[in-house]
Amino acid sequence: MNETLDPGLYIVATPIGNLSDLGPRAASVLANADLIAAEDSRVTARLLRHIGVKRPMTPYHDHVADRVRPGLIEQMRTRSVALVSDAGTPLISDPGYKLVRDAHAAGIKVTTIPGPSAAVAALTLAGLPTDRFAFFGFLPSKASARAAAIAEAAGFPGTLVFYESGPRLGAALAALGDGLGNREAAVVREISKMFEETVTGTLAELAARYADAPPKGEIVIVVGPPSAPETAGEAELDAALGEALSRLSPSRAAADVAARLGLPKRLVYERAQRLKGGQA
């Protein structure tokens with residue numbers, strides 16, 4: 001496992017559960033890095049013991065990042081520095097991106113050793129569409145800020161991924177139901193650990209399940225995309241257009257009705273023209 005690493009920054013993904021998920025390349029980088037920048041050195045020390053090595057470590061987390069970042073950048077000019085989080089891929093819901101940004105600005109080599117990510121792993125377990133998804137991290141704890149964050153997420157037309165803690169899970173699911181409607185969802189917890197669990201259902205069903213029974217462990221909420229709106233019938237379309245045409249031009253009436261009924265504007269405009277000309 002002895003290998004000389006070039007100076008620079010090495011972004012190393014670490015296991016989110018089973019320590020055996022650490023890949024050979026990640027293990028080699030950790031075993032040979034001159035310095036490991038760790039979110040919690042106690043957690044990283046357990047991982048190093050698992051692969052049978054000891055390496056120098058320095059803390060890198062929210063509370064010290066701004067203070068220690070310049071020094072780390074200077075060390076990278078002549079030494080290999082591995083960046084790790086407690087679990088999963090660094091930079092996902094942690095301050096690591098600023099270290100990468102400054103390393104690039106300083107002309108320092110940046111290498112990633114990809115591996116586990118709780119968000120992606122949960123997507124594979126949820127049984128929801130994965131062709132388009134967005135990660136929103138942890139929802140704010142205050143109700144007003146949480147509602148605003150959910151309203152922002154509601155505009156995304158694909159699957160949504162959130163991190164959450166056990167004590168806040170029930171409230172988060174209820175708030176998601178209020179802001180997104182009763183979408184299909186999944187609660188995934190303890191990924192890659194002994195008690196890994198995936199529970200699926202609607203947001204209302206999941207909110208009721210966890211309202212008074214907060215689970216333990218690391219949790220990911222996956223929410224499916226909004227359902228396609230039902231196509232309006234011809235009678236409903238004509239009624240809506242008739243009302244809109246009484247106060248708007250055909251173009252504006254078509255735009256208004258198309259938006260309300262979820263129909264293609266061009267088709268609605270053609271129908272509006274026929275109604276206006278008495279050809280319907």
Q. How about the stretch 150-174: which of its residues are buried (at least 20 other Cβ atoms within 10 Å of the Cβ), farther than 11 Å from residue 134 by Cα and among the aliphatic types (A, V, I, L, M)?
A. 150, 169, 172, 173
(Q) So, restricting to helices (runs of 4 or more DSSP H) that lie completely within the stretch 5-89, which ones have at least 3 residues that are surrounded by fewer than 16 Cβ atoms within 10 Å (Cβ to Cβ), under 29 Å from the mean Cα position of the chain (by Cα) and assigned by TED's automatic domain parsing to the domain that holds residue 137? (A) none
Q. On the given criteria, is residue 168 touching an Asp or Glu at 6+ places or on another chain (Cβ under 6 Å) and at pLDDT 95 or above?
A. no
(Q) Between a residue in the stretch 93-110 that is surrounded by fewer than 17 Cβ atoms within 10 Å (Cβ to Cβ) and any residue that is aromatic (Phe, Trp, Tyr), which pairs come within a Cβ distance under 7 Å, given they are 6 or more apart or on different chains? (A) 93/138; 93/163
Q. Which one of 202, 198 is within 20 Å of residue 156 (Cα to Cα) and polar (S, T, N, Q)?
A. 202
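The values are calculated or read from the model by the stated rules, or taken from the named source; none is laboratory data. Here the structure is a predicted model, which is why all the values come from computation and not from measurement. When we count neighbours, we look across all protein chains shown, and the Cβ atoms used for this are built from the backbone with ideal geometry, even at glycine.
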